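Below is one structure, written out as structure tokens; comments come after it.
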Amino acid sequence: MSKVRVLVGTRKGAFVLTADGKRDKWEVSGPHFAGWEIYHVKGSPADPDRLYASQSSGWFGQIIQRSDDGGKTWHQPGTPPGEPPAPGPPKAASNKFVYDASDKTGKPLTTHQWYDGTQHPWEFKRVWHMEPSLADPDMVYAGVEDAAIFRSTDGGENWQELSGLRGHGTGPKWQPGAGGMCLHTIILDPSNPKRMWIAISAAGAFRTDDGGGSWKPINRGLYSKYIPNPTAEVGHCVHHVAMNPKRPGVLFMQKHWDVMRSDDAGDSWHKISGNLPTDFGFVIDVHAHEPETIYVVPIKSDAEHFVLDGKLRVFRSRTGGNEWEALTNGLPQRDCYVNVLRDAMAVDSLDKCGIYFGTSGGQVYASADAGDSWAPIVRDLPAVLSVEVQTLP
Amino acid sequence: MIRVILPQHLRTLAHAGSEVQLEVESPVTQRSVLDALEARYPMLRGTIRDQVTLERRPFLRFFACEEDLSHEPPDALLPDSVVSGSEPLLIIGAIAGG
């Protein structure tokens, strides 16, 4: 029978939740990396036992962790657990993220726009998102704050920036959102290994068609009334983007305000908020088998980051947007004031499709019937930062 | 032998006890001790000082002999009692938030 493994990053550690295909009885392991912020944990599609985790701390900075056995044991790439310290200089630098300043690889920028409109140097803070290659377990991308994309081709031991993103020309206009200037979304195209999409708060969405060498902003159709030019090429606070891998190029976006859709790989976007009670939010995801079925969790407003009216409701559209239904069965419908962050929703590929999300209150909810009903897997974890799921044979 | 006391999270990363002992050639300074520490425990690179600038991370402090040495130049000599091993160099996480 198939299994699912849910990878949860929280403010104080990582947790691995596993169940069989029924998804009604769960085993919980963790906390892994107790006391550390785990922004993201994700498994390799090419080798499900290969997991990557971003571990960080305001005191000790960024750490990259890797598991080669599905989360049972972890190590920093280049320094296997239990191995006696080797004499001489370190052989790897898995937490060394250095912005590319060379002339050969584009024109890397040294400054971006700061909150007060002045220019500010790029400063590495943490890894927000890890995206393993679809084909190679040793290749993985990292989206970082201050916004840039890095790639490792040796299992996370060494990282190189794809500097064409920062160097393409609009970088001086990028500025931090309230959560920092983070590259939080990386989507790989299963039909075209040269194409990928990324999104940055608060710069917008970008696409490469040449494997990361060059990038272009893809924000036409976005309207952000809180910026000086509401239709600017960059400067939009994109919160998350999702795509069904079976239909590459059809993208769904949760922007700061507005839920958006693109049918042309991001060249243009149109609004699909429809009858949502509020279209502010962070997460968005797509059903694994029904590419017109999408999910969001509306949040009251940018000033009040919790669900509307004290009710935790997932909204589902089966029509690719505009027409939404509230999913409430099994979710608290009074006195609930949690948030659901941008990387904290995931879908499995079982039939029926499972939907998972985690909250700022430490609950991780699962639905084994595409959202019709929900039950908590765990209720009392630290605040959840990210949720990913693996469907295992 | 130089004695260094690590904060809890760095002990976990390094798979080490609370105190590690290092051979450090003279002159014994913050820089030479941290170089030796990172050579023996590569997984600590970047956690105490920045990977590129080698500046102390903002929320870490260095203490020895009940004195805060955090703002001493990295090449200043450490106290004799640290050099002799009678006192440890303490690396401490600042008390800042939860």
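We did not get these values from a lab; they are worked out from the coordinates using the rules stated. Being a predicted model, the structure only gives us computed values, none of them experimental. Note that each Cβ is placed from the backbone with ideal geometry, even for glycine, and that neighbours are counted across all protein chains shown.
Of note:
- Anchor A:Lys22: lysines whose Cα lies under 16 Å away (excluding residues fewer than 8 positions away in-chain): A:Lys3, A:Lys352
- GNM flexibility winner over chain A from A:Val364, A:Val234, A:Val378 (Cα, springs under 10 Å): A:Val378
- Sorted by Cβ neighbour density within 10 Å, fewest at the top, the residues A:Glu388, A:Glu27: A:Glu27, A:Glu388
- Cα shape, segment A:205-307, gyration tensor, a/c 1.5 rule: oblate
- Compared with the alpha-carbon gap, the fully stretched path from B:Asp35 to B:Asp80 is longer by 14.3 nm at 0.36 nm per residue.
- Segment A:128-170-segment A:318-393 distance, computed between alpha-carbon centres (Å): 28 Å
- Across segment A:271-374, Cα-Cα distances exceeding 25 Å account for 10% of all pairs.
- Residues B:Glu19 and A:Asp103, FRET efficiency given R0 of 45 Å [Cβ-Cβ distance, rounded to 0.05]: 0.45
- Segment A:99-202 shape via C-alpha gyration tensor axes, a/c threshold 1.5: prolate
- Using a Förster distance of 51 Å, the FRET efficiency for A:Lys311-A:Asn192 (Cβ separation, nearest 0.05): 0.80
- Straight-distance crosslink candidates among lysines, where the alpha carbon sits under 28 Å from A:Lys96 and sequence neighbours closer than 8 are dropped: A:Lys12, A:Lys42, A:Lys72, A:Lys104, A:Lys107, A:Lys125, A:Lys173, A:Lys194, A:Lys216
- Between A:Asp263 and A:Ser349, the contour length at 0.36 nm per residue exceeds the alpha carbon distance by 28.7 nm.
- Mean Cα-pair separation over length for segment A:234-363, i.e. relative contact order, pairs under 8 Å, 6 or more apart, %: 19 percent
- Pair-distance profile P(r), taking every C-alpha pair of segment B:2-93, with 10 angstrom steps and integer %: 17, 58, 25, 0
- Sorted by Cβ density within 10 Å, fewest first, the residues A:Cys353, B:Cys65: B:Cys65, A:Cys353
- Ellipticity estimate at 222 nm from DSSP helix runs (n ≥ 4, -39,500 (n - 2.57)) divided over the protein assembly as shown, nearest 500: -1000 deg cm²/dmol
- Those aspartates and glutamates that a straight Cα-Cα span of less than 13 Å connects to A:Lys300, excepting residues fewer than 8 apart in one chain: A:Asp258, A:Asp279, A:Asp309
- Once the chain from A:Asp136 to A:Asp209 is taken as fully extended at 0.36 nm per residue, the excess over their C-alpha distance is 24.4 nm.
- Dipole axis of the protein assembly as shown (+1 Lys, Arg; -1 Asp, Glu on Cβ), positive-most option in A:His112, A:Leu392, B:Leu34: A:Leu392
- Cα gyration tensor category, rounded, prolate or oblate, for the protein assembly as shown with a/c compared to 1.5: prolate
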